[in-house]
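Trainee: Submitted below is the structure of interest, expressed as structure tokens.
The values are calculated or read from the model by the stated rules, or taken from the named source; none is laboratory data. Source: prediction; values computed, not measured. Cβ sites come from the backbone with ideal geometry, for glycine too, and all protein chains shown count toward neighbours.
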Amino acid sequence: MKMHPDWEKEVERLEYVKQVILDVLNVKISKSAEYSKEMRAINKEMWEETGALNGQNSILKIPSFLQDINFLKRNIADSARNEKEIKMLERQLVSPYFCRIDFKEDGECAESFYIGIYGLRDINNDEILIYDWRAPISNMFYDFEPGPASYECPAGLIEGELLLKRQYRIDRGTLLWMFDTNVAIEDKILQDILAGSTDGRMKTIVSTIQREQNRAIRYGSKRVLAVQGAAGSGKTSIALHRAAYLLYRDRKTIKAENIRLYTPSGIFAEYISDVLPELGEDDIPCNTLTGLVQSTLGDSFKKYETYTEMMEWQLSQKSIDEKSGQLESMGFKASEIFTAMLEKYAAVFESKMIHFEDIAIGDAIIASRDELADLFYNSFSYMPVAKRLSRIETYVMTRINEYMKQRKKEKIDEFANSEEYMDESEIKARSRIAVKRESETAIEKVKNMISIDIVRLYQRLFKDDEIWRLCGGPSSEKIRKRTVEALDNAILLYEDQSPILYLMALLGMLDADKDAKHVMIDEAQDYSYITYKLFSRFYPNCGITLLGDASQNINSAFGIGNLKLAGELLDPDSLEYTELSKCYRSTIEIMEFASQILPTKAIPYGRHGKKPEVMTSPTVDGVCGLVTDCIGNAKKDGYSSIAIICRNLGSCQRVYRHLKTIMPVHIIENENDQIEKGVVVIPSYLAKGLEFDVAVAVILSEDEYLHEENQLFYTVCTRALHRLDVCSIDGAGILKKIESKHD
């Protein structure tokens, strides 16, 4: 290969940049030692002052002690920031930058700009040596070919000509290769990266972000961005890089704690946890819908069913009646019809189910029921129900306190004039106790009158025939029976979690999350219609990014599927909807196989590999033997990340028992397990969003992946980067569909 004419100059510059990084790193390491020394000194001083606080004039020492505490807090924060910068510099030393662009602004001289994951300034002259990939000028690398180009910055639109795009491969501080390119990201770089193996953790894609991905990452015009993306189109990477971009662009107003990231499971949260730290940002705590509900309702229930538990129950259920009952109930509670029914129920509760009574202490009427009703329906009618009741409580308690104050004076006079001798303190004490006893019943009555037991209220909708009919409930008894049984056992089914919080929101019992500045929802197709209605109230003003794929809506009875509709429910007046059709994960052969299961708009990126192979056996033991052979072949070919994906947990356990006697293997049984390196056995619904070098789809019975489960099997097959094998029992229905496409 002919050496690039600028090779020596680029190597020389790289060495200079590395030296600057080392110089900055040494400064930071010295600071780290200084912070440790300061911390020891402050701790010593505080220890000495702690002893002084027990002696004479101790009160005079308190200001000094508090000052030391503030010094210590500042020292800890500065030290943590310094340690974070040290880690970034150490990473930067390995690969300082990945590209260079030469840009000539109109009316100015041409300049060269080097772009990396982190920015870097020369400590000798403050010159910018490397631009952060999120900087405005860096956008031209992703969006433009050489020729007319522009970028937006705080000063406005900067226009000019992009003269050069040069890409580098730098590893362990050594320049391996470089070349100039005329396309967004040179195919060779992307091919090399996609052809590599995964280690079970998601990585950054900064050097290979594609134009359509970049536009989603940097989008900022409307409040809601909905991204419909094919399997392997980089949706989750977009979410995380978009979070990093927002933290950079809006660093004065947004911190990591202001971003909410909803993920399908704890496994997925662990899988993506390295990305933001690699990008130099604090990790964003992930949440699930069940996590939000549990943090809101606390110990109101002994069991909160998770999404994955719901899926496992559904996929393991043998009884057709039980399964159809669950699907009917889930579908109904996820629907627009049930959403409207809850809105009707909230109106019925307000107009017919709140009863006021006279509040009296003895013969004295503190507040009449007519007065309270007037406050509720007229004076405070502009407020949500719960807020009105709270205001009424404040109003009545103020009246009670005024009455008690007057009664206390009367009691003091009464005890003072009694024949029994009492000193002043005893008179006051007896008066206080007597008045408290008089008012206890009234205070208890007020609390009972204004309190809303949301669990009982939600359950009453399903228990009370008249209310169910009044709110427009369907005639099906299965839904009501299933719900009441679960609630009686203090179990909140996943299908009931959004509805109960939505009812709280309708009544004013759920305040909006005011600390949230941006919300990211991954696998957005799996959330229900009513969940998006809930989110529209819980996150009314902040930015929202939805990322999902209708083709991977593995529970179509529940999930909304349509991301455009989801976005419209959040904010129809400020919505941007975009589609990503290119698949970068799987080979062309794997995507062609997957399209036989479920035709989609997915366009595989130009990377070829082995055709998926379908192997069958008449027995379950025979299928397990086929799986063993597939694993052996994959290992021989150098693959290390191998997933054995079964439809449900029972099938996983059957295959795992066979494999564990032969080889090291790990099984994922719930969403809090961690993905280990090597061979892993995992249920279909927990594999969502993950990727592996090799996926072996296992089918242990003829009726698996039938009854509208094409999307689930499609999701399973598209977990594979390089190789897909299917090991199945003879006669499996889903295979007949594939075979018919081959004919």
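Trainee: Of the residues that sit in the stretch 235-279 and are farther than 23 Å from residue 718 by Cα and acidic (Asp, Glu), which one is surrounded by the fewest Cβ atoms within 10 Å (Cβ to Cβ)?
Mentor: Going through the qualifying residues, I end up with 257.
Trainee: Okay, moving on. Considering 491, 544, 454, which residue is crowded, with 21+ Cβ neighbours inside 10 Å and of a type in the set (Val, Ile, Thr)?
Mentor: None of the other options fit; the residue is 544.
Trainee: Kindly evaluate residue 639 against the criterion of being aromatic (Phe, Trp, Tyr) and part of a helix (DSSP H, G or I).
Mentor: So residue 639 does not fit the description; no.
Trainee: Can you run down the residue pairs with Cβ atoms below 7 Å, 6 or more apart or on separate chains, where the first is in the stretch 657-678 and on the phi > 0 side of the Ramachandran plot and in a loop (DSSP other than H, G, I, E, B) and the partner is exposed (fewer than 15 other Cβ atoms within 10 Å of the Cβ) and modelled with pLDDT of 95 or more?
Mentor: Every condition considered, the pairs that remain are 678/664.
Trainee: May I ask you to list pairs of residues, at least six apart or on different chains, whose Cβ atoms are under 6 Å apart, with the first in the stretch 69-82 being within 18 Å of residue 27 (Cβ to Cβ) and the second being among the charged types (D, E, K, R)?
Mentor: The qualifying pairs are 75/38; 82/28; 82/31.
Trainee: Okay, moving on. Can you spot a residue in the stretch 486-507 that is within 16 Å of residue 262 (Cα to Cα), in contact (Cβ under 8 Å) with a residue 12 or more places away in the chain and part of a loop (DSSP other than H, G, I, E, B)?
Mentor: no
Trainee: If you check 564, 514, which single one turns out to be among the charged types (D, E, K, R) and touching a residue at least 40 places away in the same chain (Cβ under 8 Å)?
Mentor: None of the others qualify; the one that does is 564.
Trainee: Does residue 554 fit the bill of being at pLDDT 95 or above and either crowded, with 20+ Cβ neighbours inside 10 Å or in contact with a helix residue (DSSP H, G or I) (Cβ under 8 Å, 6 or more places away or on another chain) (or both)?
Mentor: no
Trainee: For residue 102, all conditions in the list (1) outside any loop (DSSP other than H, G, I, E, B); (2) surrounded by 17 or more Cβ atoms within 10 Å (Cβ to Cβ); (3) among the charged types (D, E, K, R) hold save one; what is the number of the exception?
Mentor: Checking residue 102 against (1) outside any loop (DSSP other than H, G, I, E, B); (2) surrounded by 17 or more Cβ atoms within 10 Å (Cβ to Cβ); (3) among the charged types (D, E, K, R), the one that fails is (2).
Trainee: Within the stretch 74-94, can one find any residue that is surrounded by fewer than 17 Cβ atoms within 10 Å (Cβ to Cβ) and part of a strand (DSSP E or B)?
Mentor: No, because not a single residue in the stretch 74-94 is surrounded by fewer than 17 Cβ atoms within 10 Å (Cβ to Cβ) and part of a strand (DSSP E or B).
Trainee: Do we find that residue 114 is part of a helix (DSSP H, G or I) and either modelled with pLDDT under 90 or under 30 Å from residue 212 (Cβ atoms) (or both) in this structure?
Mentor: No; evaluated as a whole, the condition is false for this residue.
Trainee: Look through 681, 665 and report the one residue that is surrounded by fewer than 24 Cβ atoms within 10 Å (Cβ to Cβ), in the same structural domain as residue 637 (by TED's automatic domain parsing), touching a helix residue (DSSP H, G or I) at 6+ places or on another chain (Cβ under 6 Å) and farther than 24 Å from residue 287 by Cα.
Mentor: After applying the criteria, what remains is 665.
Trainee: With respect to residue 639, determine if the residue is surrounded by 15 or more Cβ atoms within 10 Å (Cβ to Cβ) and in contact with a His (Cβ under 9 Å, 6 or more places away or on another chain).
Mentor: Criteria met by residue 639.
Trainee: I would also like to ask the following. Mind checking which residues of the stretch 235-268 are closer than 22 Å to residue 119 by Cβ, outside any helix (DSSP H, G or I) and in contact with a strand residue (DSSP E or B) (Cβ under 8 Å, 6 or more places away or on another chain)?
Mentor: Scanning the stretch 235-268 gives 254, 259.
Trainee: Okay, next question. Out of 297, 289, 279, I need the residue that is touching a helix residue (DSSP H, G or I) at 6+ places or on another chain (Cβ under 7 Å) and at pLDDT 95 or above. Which one?
Mentor: Sole residue among the options that is touching a helix residue (DSSP H, G or I) at 6+ places or on another chain (Cβ under 7 Å) and at pLDDT 95 or above: 289.
Trainee: Would it be correct to say that residue 150 is without any contact (Cβ under 8 Å) to a residue 24 or more places away in the chain and either among the basic types (Lys, Arg) or in contact with a strand residue (DSSP E or B) (Cβ under 7 Å, 6 or more places away or on another chain) (or both)?
Mentor: So residue 150 fits the description; yes.
Trainee: Within the stretch 696-743, can you find the residues that are assigned to a loop (DSSP other than H, G, I, E, B), polar (S, T, N, Q) and either surrounded by 18 or more Cβ atoms within 10 Å (Cβ to Cβ) or modelled with pLDDT of 95 or more (or both)?
Mentor: 718
Trainee: Could you grab me the full set of residues in the stretch 217-234 that are part of a helix (DSSP H, G or I) and crowded, with 24+ Cβ neighbours inside 10 Å?
Mentor: Listed by number, the list holds a single entry, 217.
Trainee: Okay, next question. Being at pLDDT below 95 and either in a strand (DSSP E or B) or surrounded by fewer than 21 Cβ atoms within 10 Å (Cβ to Cβ) (or both) is the filter here; which residues of the stretch 684-695 pass it?
Mentor: Within the stretch 684-695, no residue meets the criteria.
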